[in-house]
1. Quick check on the stretch 7-65: what does the Kirkwood estimate of hydrodynamic radius come out to from the alpha carbon pairs, in Å?
2. Nearest 0.05, what FRET efficiency do LEU143 and GLU55 give at R0 = 25 Å with Cβ-Cβ as r?
3. If the cut-off is a Cα-Cα distance under 13 Å, which aspartates and glutamates reach LYS95, setting aside same-chain residues fewer than 8 apart in sequence?
4. So if we plug the beta-carbon distance of LYS95 and SER162 into 1/(1 + (r/R0)^6) with R0 = 22 Å, what FRET efficiency do we get, rounded to 0.05?
5. Can you work out D for the stretch 3-169 in µm² s⁻¹ from Stokes-Einstein, where Rh is the Kirkwood radius over C-alpha pairs, the temperature is 4 °C and the viscosity is 1.567 mPa s?
6. Just the ratio, please: alpha-carbon radius of gyration of the stretch 85-134 over 2.2 N^0.38 Å, N its number of residues.
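Quick note: the coordinates plus some simple rules give every number you see, no bench work behind them. In this text, all values refer to a predicted model and were calculated from it rather than measured experimentally. No Cβ is skipped: glycine too gets one built from the backbone with ideal geometry, and neighbour counts run over all protein chains shown.
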Amino acid sequence: MPIHFNDIDVVSQVEGSRSALIVPCVMCPAATMAVRDNKPFIQLFKGILKSPPFEQYLSTLQSRLREKGITAEVFKSTFYHHWFMCMWTSGRRKKLREYAKQYEAVIVLGCDSATETVRDAVKSSDCKVIEGMRVSGIMNAKLKFHLPGNISFEDCKVIPISHQKKEILN
């Protein structure tokens, strides 16, 4: 199952910058938002390559940044194989590197591996890399299909990662 996240306040970390590029790993953050909002993960007949709860999250984040005078764009990933940032091709990473040159900050929405992917891709630029989410565990849920084509998660539990569980117990 996907990784589950808690948000980090990125707006305060980006303040002072004029521009930010939001770089989302789509799968796990989108699953997190769908579970959090109790909404379908994907609606097949309204856009198979978009998760409405995650699109709303991205739009809200952009609005919050704009309120602080920060121009914010999203680095879109439209193909399924781009949904997992930890497995991006060298070509996709190069495209991010070139695109990020236009921005002062890059906000990563994903796990530590996603952050490392971005940090490595933009290391030659002056972009500040900001983590936008923190791993809280792994989701254990039932995938459900509902008419008219909604795919959602039900009975979701967040299972701490082994080292996190040990830290909690100690």
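1. On the way: mean 1/r = 0.0800 Å⁻¹.
Roughly 12.5 Å, rounded to one decimal.
2. Between LEU143 and GLU55 the formula returns 0.80.
3. Leaving aside aspartates and glutamates fewer than 8 places away in the same chain, those within reach of LYS95 are ASP120.
4. 0.05
5. The diffusion coefficient I find is 78 µm²/s.
6. 1.02
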